[in-house]
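Structure first, commentary second.
The values are calculated or read from the model by the stated rules, or taken from the named source; none is laboratory data. Worth saying up front: this structure is predicted, and the values here are computed from it rather than measured. Virtual Cβ from ideal backbone geometry, glycine too; neighbours counted across all protein chains shown. For the accessible areas, the whole protein counts, side chains as well, though only heavy atoms, and no ligand, DNA or RNA atoms are used. Shrake-Rupley method; radii C 1.70, N 1.55, O 1.52, S 1.80 Å.
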Amino acid sequence: MLFVQALDTYYDKQERSSQYARLRSGDMFRKIEVNRIKECEVFAQILSLRYDANGAGSPAKPYNEAYRQYGTEIFTEGNANRYDNYNKLLKFIRIFKEEAGYRIMFCDENVEWCPTKRRGRNEAYNKEHSIFYHRDRMNETAFILGNNQYGRILFNNRYVDPDSQAWHYGWHIYNMIHCDISECKEKMFFKKDPDYVYRQLLDLR
């Protein structure tokens, strides 16, 4: 089983200061409600966070929390409908189950409300039946998690509201552990450093 904790912190231009950057870089994991975890191929806890306008200097607070269970349908690069991929899969990553463990890939979703585009390394560039075939979009392996291994992905993005056209920013963390459901603990991300860390951090203006 693969357990995923997604932390999505959204912030505005005035929260790009070094004070808030230090808060983000020190906020890498949160507690898990173990009783919410169900046996499946991939289980995800997704936390959306933002800063309290009246609590400057405090870590971002959750405003939405979701739990998702996936079966083998999660083991896909997606399809030609990029909106389905963004909303139904775990955004910006793809997961494949292999003999050695879970292959975790990072990819560019190519959606218009995220004008931050990542080009370059595309491992499926020459695969004719891939949605990434001959596309200048990042699609690369972050790491492969063997049993009881812990990995982390960090990336940032800039977004635009399709209605107001206002800009905002996202700081995103995926914490992942390949383990049995019986091994899931409330603070299992607190106890050790990840075995793998993959970063896609851009200088966003």
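For region 185-198, check the following and say yes or no: at least one residue is part of a strand (DSSP E or B), at pLDDT 90 or above, under 23 Å from Ser48 (Cα atoms) and not small (Gly, Ala, Ser).
Yes; the residues of region 185-198 include at least one that is part of a strand (DSSP E or B), at pLDDT 90 or above, under 23 Å from Ser48 (Cα atoms) and not small (Gly, Ala, Ser).
Mind checking which residues of region 160-184 are polar (S, T, N, Q) and either in a loop (DSSP other than H, G, I, E, B) or open to solvent by less than 10 Å² (accessible area, probe 1.4 Å) (or both)?
Selection gives Ser164, Gln165, Asn175.
Let's see how each residue does on (1) in a strand (DSSP E or B); (2) at pLDDT 90 or above; (3) touching a Pro at 6+ places or on another chain (Cβ under 6 Å); (4) on the phi > 0 side of the Ramachandran plot:
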residue	(1), (2), (3), (4)
Ala56	no, no, no, no
Pro59	no, no, no, no
Asn64	yes, yes, no, no
Arg68	yes, yes, no, no
Asp84	no, yes, no, no
Lys97	yes, yes, no, no
Glu112	no, no, no, no
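Every residue, every condition in (1) more than 23 Å from Ile177 (Cα to Cα); (2) out of contact with any strand residue (DSSP E or B) (no Cβ under 8 Å at 6 or more places or on another chain), yes or no:
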| position | (1), (2) |
| --- | --- |
| Thr76 | no, no |
| Lys88 | no, yes |
| Phe92 | no, no |
| Phe96 | no, no |
| Met105 | no, no |
| Cys114 | yes, no |
| His129 | yes, yes |
| Tyr133 | yes, yes |
| Gln149 | no, no |
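Inside region 48-65, can you point out the residues that are under 19 Å from Cys114 (Cβ atoms) and in contact with a Leu (Cβ under 9 Å, 6 or more places away or on another chain)?
Ser48, Leu49, Asn64 - these are the residues of region 48-65 that are under 19 Å from Cys114 (Cβ atoms) and in contact with a Leu (Cβ under 9 Å, 6 or more places away or on another chain).
For region 77-90, state whether one or more residues are within 29 Å of Gly26 (Cα to Cα) and touching a residue at least 60 places away in the same chain (Cβ under 8 Å).
Yes, because at least one residue in region 77-90 is within 29 Å of Gly26 (Cα to Cα) and touching a residue at least 60 places away in the same chain (Cβ under 8 Å).
Return only the number of the condition from (1) closer than 23 Å to Cys184 by Cβ; (2) part of a strand (DSSP E or B) that Phe29 does not satisfy.
(2)
Residues in region 53-64: is at least one over 26 Å from Arg22 (Cα atoms), of a type in the set (D, E, K, R) and open to solvent by 30 Å² or more (accessible area, probe 1.4 Å)?
Scanning region 53-64, I find no residue that is over 26 Å from Arg22 (Cα atoms), of a type in the set (D, E, K, R) and open to solvent by 30 Å² or more (accessible area, probe 1.4 Å), so the answer is no.
Here's a check for you: in region 133-186, which residue that is basic (Lys, Arg) and under 19 Å from the mean Cα position of the chain (by Cα) is farthest from Met1 (Cα to Cα)?
Arg158
Among the candidates Asn110, Asn157, Asn139, which residue alone is open to solvent by less than 70 Å² (accessible area, probe 1.4 Å), under 22 Å from Leu204 (Cα atoms) and touching a helix residue (DSSP H, G or I) at 6+ places or on another chain (Cβ under 8 Å)?
Exactly one of Asn110, Asn157, Asn139 is open to solvent by less than 70 Å² (accessible area, probe 1.4 Å), under 22 Å from Leu204 (Cα atoms) and touching a helix residue (DSSP H, G or I) at 6+ places or on another chain (Cβ under 8 Å), namely Asn110.
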